Amino acid sequence: MRLGVEATAFLQTGCAIVVGTLGPDGAPHASRGWGLSAESLDPETLRLLVSADDPTTISHLAAGGAVAVTGADVRTLYSIQVKGHASALEPATDEDRVRAARFSDEFFTAVVETDGVDRRLLERLVPRDYVACTLTVEELYDQTPGPGAGAPIAPPGS
């Protein structure tokens, strides 16, 4: 699966990131992502940051379970979802923390501008630290609200 330049660039912005995971028993869990970055093109992988204080997400990721990551632009509601499997769970690096801070700043700025929320309330969401995992991308979907929501996005060049 190829995300393409535009989808990859979008997912690396301060879009709202929702992470859905499945445990070994099939139990679903939803959490927030704190940043994504492209790692490799072959196979296509992303580095996903999640809260180090979320034991359910961490255990699902550590088990190599299925993962769905939806990124949504706060201002336009343009949304895409990638699905795949997690691997290589590890503590966040200093570079990851810088990425998470940049992500949070962009995301919170968009929420404040569109919804008028007090930024101090949003900053209370920031985790103490992060865990990173590698997400191997297997599927890509348009999740923008409207009649096309849920439609697969064809890989570039297909």
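Key figures
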read-out: Filter result (farther than 13 Å from residue 21 by Cβ and among the aliphatic types (A, V, I, L, M)) within the stretch 83-99; value: 88, 92, 98
read-out: Flag for residue 79 being closer than 24 Å to residue 116 by Cα and touching an Asp or Glu at 6+ places or on another chain (Cβ under 6 Å); value: no
read-out: Hey, residue 100 in contact with a Gly (Cβ under 6 Å, 6 or more places away or on another chain) and not acidic (Asp, Glu) or not; value: yes
read-out: Matching residues, the stretch 66-83, being surrounded by fewer than 19 Cβ atoms within 10 Å (Cβ to Cβ) and touching a Lys or Arg at 6+ places or on another chain (Cβ under 9 Å); value: 66
read-out: Qualifying residue in the stretch 40-52 (condition: among the small types (Gly, Ala, Ser) and modelled with pLDDT under 95); value: yes
read-out: Selection within the stretch 116-135 - in contact with a Ser or Thr (Cβ under 9 Å, 6 or more places away or on another chain) and either assigned to a helix (DSSP H, G or I) or of a type in the set (Lys, Arg) (or both); value: 119, 122, 123, 128
read-out: Pairs where the first residue, in the stretch 3-22, is touching a residue at least 60 places away in the same chain (Cβ under 8 Å) and farther than 14 Å from residue 137 by Cα and the second is in a helix (DSSP H, G or I) and among the acidic types (Asp, Glu), C-beta under 7 Å, 6+ apart; value: 13/106; 14/105; 14/106
read-out: Subset of the stretch 14-46 [surrounded by fewer than 19 Cβ atoms within 10 Å (Cβ to Cβ) and under 18 Å from residue 101 (Cβ atoms)]; value: 16, 32, 37
read-out: Answer residue from the stretch 18-33, given it is among the aliphatic types (A, V, I, L, M) and touching a helix residue (DSSP H, G or I) at 6+ places or on another chain (Cβ under 8 Å) and is modelled with the lowest pLDDT among those; value: 22
read-out: Those residues of the stretch 91-115 which are closer than 13 Å to residue 48 by Cα and either part of a helix (DSSP H, G or I) or touching a residue at least 60 places away in the same chain (Cβ under 8 Å) (or both), in sequence order; value: 95, 96, 97, 99, 100, 103
read-out: Members of the stretch 88-99 that are within 13 Å of the chain's Cα centre (by Cα) and polar (S, T, N, Q); value: none
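Yes or no, residue by residue, for (1) more than 15 Å from residue 3 (Cα to Cα); (2) touching an Asp or Glu at 6+ places or on another chain (Cβ under 9 Å); (3) surrounded by fewer than 18 Cβ atoms within 10 Å (Cβ to Cβ); (4) at pLDDT below 95:
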| position | (1), (2), (3), (4) |
| --- | --- |
| 64 | yes, no, yes, yes |
| 103 | yes, no, no, no |
| 114 | yes, no, yes, no |
| 125 | yes, no, yes, no |
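The values are calculated or read from the model by the stated rules, or taken from the named source; none is laboratory data. All values reported here derive from a predicted model rather than from experimental measurement. Ideal geometry is used to build each Cβ from the backbone, glycine not excepted, and the neighbour counts take in all protein chains shown.
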